[in-house]
Amino acid sequence: MRSPFLILAALPLLAACSVAKTAVDVALVPVHVATAGVNAALPNQKKADEKRGRELRKADEERGKQIRMAQERCRKGKPVPTDDCAAVAQR
């Protein structure tokens, strides 16, 4: 059986650890608040990369659509003045 004195002697040490941890937590609150504010203000890089990728794919699809339409017009013999049928035929 443990001595009650040993348990009573350990209590202040445990309390001191708890107080020290609480003091560290309180001291770090401004850092956590500032970090959260910065993270909220700046866009997430992964989301920005995904958005840019979507924009590039959409632009690429639109270019492909315009090329196919120019090819069709040149094939039918009804090109618009901006169609370069020589360049379109090579593709």
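The values are calculated or read from the model by the stated rules, or taken from the named source; none is laboratory data. As the structure is a computational prediction, the values presented were derived from the model and not from experiment. Please note: Cβ atoms are built from the backbone with ideal geometry, for glycine as well, and neighbour counts cover all protein chains shown.
Things worth noting here:
- Test: residue in segment 12-32 that is basic (Lys, Arg) and at pLDDT below 80: yes
- Qualifying residue in segment 1-9 (condition: modelled with pLDDT under 80, over 42 Å from the mean Cα position of the chain (by Cα) and basic (Lys, Arg)): yes
- Boolean, Ala59 is modelled with pLDDT of 80 or more and either surrounded by 10 or more Cβ atoms within 10 Å (Cβ to Cβ) or among the hydroxyl-bearing types (Ser, Thr, Tyr) (or both): yes
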